[in-house]
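Visitor: Sharing a structure, written as structure tokens. Questions coming.
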Amino acid sequence: MLDRFLGRFAEVLSDVTEQDHLLRATVQREALFEVCRWLRSDQQADCDYLACLSGVDRGQAIEVVYHLYSLRKHRMVLLKARAPKDDCWLPSVTPVWKAANWHERETAEMLGIRFQGHPDPRHILLPQGWEGFPLRKDYQAHPDYTRPDELPPGVWEGFRNSVEEQY
């Protein structure tokens, strides 16, 4: 699979390695969607399961890590994409894997990355109006938002009620 993958996407990939059914690669953000779609649809890659999507603050950039798995081939692909903090976006992969919907929402909310084309970018963890991105290294906690029991009266209950109404 490595040869097919590199043959198709060598110009947009870096740090590519393969060892024991695990392929690792970093992809340029502009090519992320196309690479993911290929990994899902190619018969040899067959990455039919998005196991995890998470973000990491790397200082000047946010790195998003995609753990992709082929249930039939018993192979994992660990794909990374970076977005600079001053232009922090990646294309949404929700059209490729529906499970990306909630993963992207959480990553956007906690790290401030915009997933372009995401079908429902509402908050799922923090109350609407939350300032800042709690998982960024430069995040300065607002004293009213540190713990639910320290929030002003009614804020936590309002958030909980809005979540219950939505779901």
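The values are calculated or read from the model by the stated rules, or taken from the named source; none is laboratory data. It should be emphasised that the depicted structure is a prediction, and the values quoted were computed from it without experimental measurement. No Cβ is skipped: glycine too gets one built from the backbone with ideal geometry, and neighbour counts run over all protein chains shown.
Visitor: Among the residues of the stretch 118-135, is any without any contact (Cβ under 8 Å) to a residue 24 or more places away in the chain, touching a Phe, Trp or Tyr at 6+ places or on another chain (Cβ under 9 Å) and assigned to a helix (DSSP H, G or I)?
Guide: Taking every residue of the stretch 118-135 in turn, none turns out to be without any contact (Cβ under 8 Å) to a residue 24 or more places away in the chain, touching a Phe, Trp or Tyr at 6+ places or on another chain (Cβ under 9 Å) and assigned to a helix (DSSP H, G or I).
Visitor: Within the stretch 84-113, which residues are of a type in the set (A, V, I, L, M), farther than 18 Å from Arg29 by Cα and either touching a helix residue (DSSP H, G or I) at 6+ places or on another chain (Cβ under 9 Å) or not in a helix (DSSP H, G or I) (or both)?
Guide: Ala99
Visitor: Which residues, counting only those in the stretch 69-97, are among the hydroxyl-bearing types (Ser, Thr, Tyr) and either more than 11 Å from His21 (Cα to Cα) or within 10 Å of the chain's Cα centre (by Cα) (or both)?
Guide: Within the stretch 69-97, Ser92, Thr94 qualify.
Visitor: Test of understanding: among Leu135, Leu126, which residue is modelled with pLDDT under 90 and surrounded by 15 or more Cβ atoms within 10 Å (Cβ to Cβ)?
Guide: Leu126
Visitor: Further, regarding this structure: So in the stretch 79-117, with the set limited to residues that are without any contact (Cβ under 8 Å) to a residue 24 or more places away in the chain, of a type in the set (D, E, K, R) and within 20 Å of Tyr139 (Cβ to Cβ), which one is surrounded by the fewest Cβ atoms within 10 Å (Cβ to Cβ)?
Guide: Looking at residues that are without any contact (Cβ under 8 Å) to a residue 24 or more places away in the chain, of a type in the set (D, E, K, R) and within 20 Å of Tyr139 (Cβ to Cβ), I get Asp86.
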